Amino acid sequence: PYGFLQGAAYVNDDFRVTHNLTLNLGMRYEYVTIPVGSRYQANNAIASVPGVITFAAPKAGKNDWAPRLGFAWSPGKGGVWSVRGGFARSFDNTYINLNQNSSPPYFASTQDVNDANPVNNFLANGGLKPTAATGALTAAAARAATASYTYDYTPRPYALTGTIGVQRVFAKNYTLEARYVFTKGVHLWNQTRMNIVNRVTPTNYIPTYVTAPTTAQLAADTRTLAAVKALLPAGATAANPNNDLAIYGFTNNITGYHPWGNSKYNGLALQLNKRFSNNFSYIVAYTWSHAFDDSTATNFSTILSPRRAQDFQNMRAEWASSALDRRQRLTITPVYDFKPFQGGNYFMKNVVGNWNVALTYTFQSPEFATVQSGVDSNLNGDGLDRSIINPAGTATVGTNVYAVNAAGTRLASTGDATAVAFVAINPNARYIVAQPGALSNSGRNTLPLDRINNFDFALTKKVNFGEKRTFAVGVQAFNLLNHPQFTGGYLSDVSSFGTAAVARNFLVPSDPNFGQYQKYFPSNARSAQLTARITF
């Protein structure tokens with residue numbers, strides 16, 4: 001029930017302004033309907049609280065215009081310079097599992113059937129009823145069953161992209177190019193729990209010390225863990241202490257995909273091409289870039305960067321270098337055709353000679369992962385909270401804490417209600433667990449994984465049959481030197497290894513394996529494949 005319709009129209013044309021300047025102008029308009037299943041949110045209108053939350057059919061955007069502007073200019077008369085640039089706006093669609101994961105409550109309702117006591121005339125008697133007792137849906141019952149919300153598509157997620165590049169041809173066979181690329185993502189989908197509020201705040205928390213606190217510090221720490229937990233957000237209740245809509249009868253986490261995420265990318269790329277001459281060519285490319293965002297993963301696609309914000313009410317605190325950020329990347333790709341005996345006989349040309357050798361070297365900065373305490377530090381019911389950072393600590397060392405009371409006595413449990421402070425067990429650790437009641441101060445994506453330092457190789461043997469037919473057989477070796485590279489993903493793809501295959505232990509400072517991601521990731525070991533191709 002989650003289909004939708006999309007319609008689009010565009011105009012685009014090139015305008016030759018002068019003999020060496022061409023403009024490209026275009027405009028695209030899109031209209032995307034709301035998925036059918038999401039429209040049924042209107043049937044939950046009885047659960048609405050005027051002025052607080054309204055359950056209605058989401059609205060589709062009607063102003064989704066996507067302009068495009070580009071130019072190509074060749075200054076001078078020699079034709080060796082080229083300057084190109086452009087700007088574009090482009091939209092994204094919601095993917096199907098976003099709508100499925102935030103279905104209206106009755107799409108997720110089930111009723112067990114007792115085989116020993118079957119229900120007769122089930123459909124004739126009204127089928128599956130809202131409540132078993134009366135069959136009448138009340139506002140209270142609807143609110144108690146509600147666990148999702150679908151936001152309007154106004155506007156849809158979109159990207160603004162700008163680029164400019166300068167290209168220069170020299171010495172006949174060489175081309176040097178410098179490019180700058182800027183991309184800004186706006187209204188990106190982010191999984192959130194819209195009615196969940198942190199009980200731990202900058203004014204309501206238990207302090208964490210790197211070393212044991214002094215008597216004076218303890219005297220100033222008058223707030224106990226019990227007091228931190230007792231301070232409820234407005235609208236919350238004792239039964240639902242994190243839920244600011246609990247007073248209205250919403251007892252579940254209301255999960256939705258809020259279009260409030262953002263991203264930004266700046267990149268400078270340099271590239272040198274040697275065109276194929278004298279049986280040899282190569283490409284050398286280097287990119288320096290920096291990607292920021294506040295919501296890399298929309299769903300549970302990776303353990304390295306949590307999909308939900310640490311504070312559902314504060315997306316600004318999530319802004320950091322993206323998990324997709326790769327600050328530097330260098331690739332060198334030479335290709336050589338070994339063709340001796342071109343003036344010789346068929347055997348010498350096609351059996352002894354006619355080989356192709358290609359090599360690719362890649363260096364890339366590491367992916368960064370988010371260190372997580374593994375507990376519900378901020379007391380909002382979600383265990384994806386970050387750690388506390390000790391700037392003076394050793395970069396790859398983590399530690400747990402112990403709790404002390406107002407007298408400085410070490411307590412048996414970090415959950416002791418009389419605790420007034422936490423103390424790091426290892427004062428030399430960079431990352432410290434933020435126990436429940438503690439205030440985390442770390443950002444996203446601070447723990448580096450391995451760099452890519454990789455050689456790929458390909459060797460191909462060609463045999464020509466006449467002028468139009470060629471048979472080629474070869475071998476391709478990936479990670480030729482079998483250099484272990486625990487990158488958290490693949491050498492040639494930004495995707496991660498997924499979620500189920502990798503444990504979160506190395507991201508939790510209190511775990512004995514903290515920082516030892518090599519125990520959990522494959523090393524991208526050398527692999528090879530044979531190839532064959534017939535061209536005719």
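Here are some notes:
- Remark: pairs (first residue in the stretch 344-370, free of Cβ contacts under 8 Å to residues at least 12 places away in the same chain; second residue open to solvent by less than 60 Å² (accessible area, probe 1.4 Å) and small (Gly, Ala, Ser); Cβ separation under 9 Å; 6+ apart in sequence or on different chains) = 344/353.
- Filtering 82, 38, 48 for residues that are surrounded by 13 or more Cβ atoms within 10 Å (Cβ to Cβ), within 21 Å of residue 103 (Cα to Cα), at pLDDT 95 or above and in contact with a Ser or Thr (Cβ under 7 Å, 6 or more places away or on another chain) leaves a single hit, 48.
- Verdict on residue 378 being open to solvent by less than 50 Å² (accessible area, probe 1.4 Å) and either assigned to a loop (DSSP other than H, G, I, E, B) or in contact with a Phe, Trp or Tyr (Cβ under 7 Å, 6 or more places away or on another chain) (or both): yes
- Residue in the stretch 219-228 that is open to solvent by 40 Å² or more (accessible area, probe 1.4 Å), free of Cβ contacts under 8 Å to residues at least 24 places away in the same chain and of a type outside the set (Gly, Ala, Ser) present: no
- First in the stretch 384-411 and closer than 17 Å to residue 372 by Cα, second anywhere and assigned to a strand (DSSP E or B) and among the polar types (S, T, N, Q), Cβ under 7 Å, 6 or more apart: 384/372; 385/372; 386/372; 387/372; 388/208; 401/208
- Test result for residue 90, more than 30 Å from residue 301 (Cβ to Cβ), of a type in the set (Ser, Thr, Tyr) and at pLDDT 95 or above: no
- Residue in the stretch 151-159 that is at pLDDT below 95 and among the polar types (S, T, N, Q) present: yes
- Filtered residues of the stretch 439-489 (kept if among the basic types (Lys, Arg) and assigned to a strand (DSSP E or B)): 461, 462, 469
- Subset of the stretch 421-441 [open to solvent by 10 Å² or more (accessible area, probe 1.4 Å) and closer than 13 Å to residue 384 by Cα]: 435, 436, 440
- Some residue of the stretch 247-255 being under 29 Å from residue 183 (Cβ atoms), in a strand (DSSP E or B) and open to solvent by 40 Å² or more (accessible area, probe 1.4 Å): no
- Some residue of the stretch 359-367 being within 23 Å of residue 309 (Cβ to Cβ) and at pLDDT below 95: yes
- Test: residue in the stretch 175-189 that is touching a residue at least 12 places away in the same chain (Cβ under 8 Å), assigned to a loop (DSSP other than H, G, I, E, B) and open to solvent by 70 Å² or more (accessible area, probe 1.4 Å): no
The values are calculated or read from the model by the stated rules, or taken from the named source; none is laboratory data. This structure is a prediction, so every number in the text was calculated from the model and none was measured. Glycine also receives a Cβ, built like all others from the backbone with ideal geometry; neighbour counts cover every protein chain displayed. What goes into the accessible areas is simple: the full protein's heavy atoms, side chains included, and nothing from ligands, DNA or RNA. Shrake-Rupley method; radii C 1.70, N 1.55, O 1.52, S 1.80 Å.
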